[in-house]
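What follows is a short report on a single structure.
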Amino acid sequence: MREYLILAFLTMTQICCAQKSEKSEHTNTNNEPEMEYASNYTLSLVNLIATPEKYHGKKVQIVGFLNIEFEGNGIYLHKNDYEHGIYSNGFWVSIDQKTGKTISDDKLNKSYVLIEGTFNMEQRGHMGLWSGEIENINRIIKWN
């Protein structure tokens, strides 16, 4: 009888732990359309590369090595991925003039940064080389 109680307790514990946590609520202060957030923490590029369908169309926050150049705007898992042209370990970064100016003014290019924007798994950047695209960027800061 005791073994059955222990087994039942362990089963219930696993079920409780396996349930998804509820989505956190975000306040929209910019009068923008509501965007579903992927998470309330910085997402690993590895998770984004491995399971892009979970984050498609959602706002994501990632840290990686940023390179901005003609036909080569990307954020990579590591600096080595950039140096060796391993595009599949990164995402195309769609930037507008304002964001481009911020990057050059703050000397963010060719450094590790935190970027927040919307993930699009269907767009793969120049020549379709990347694992997806980060668009509608609303935050970019240097990561030390």
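For Lys101, indicate whether it is assigned to a loop (DSSP other than H, G, I, E, B) and basic (Lys, Arg).
No.
Only residues that are at positive phi, modelled with pLDDT under 90 and surrounded by fewer than 16 Cβ atoms within 10 Å (Cβ to Cβ): list them for the range 106-144, please.
Across the range 106-144, the qualifying residues are Lys107, Met127, Gly128.
Quick grid of which residues meet (1) crowded, with 17+ Cβ neighbours inside 10 Å; (2) at pLDDT 90 or above:
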| position | (1), (2) |
| --- | --- |
| Lys59 | yes, yes |
| Gly64 | yes, yes |
| Gly74 | yes, yes |
| Ser88 | no, yes |
| Gly100 | no, no |
| Ser104 | no, no |
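Output yes when any residue across the range 131-144 is in contact with an Asp or Glu (Cβ under 6 Å, 6 or more places away or on another chain), in a loop (DSSP other than H, G, I, E, B) and not small (Gly, Ala, Ser), and no when none is.
no
The values are calculated or read from the model by the stated rules, or taken from the named source; none is laboratory data. Model, not experiment: these values are computed from the prediction. Positions of Cβ are generated from backbone atoms using ideal geometry, with glycine treated the same way; all protein chains shown enter the neighbour counts.
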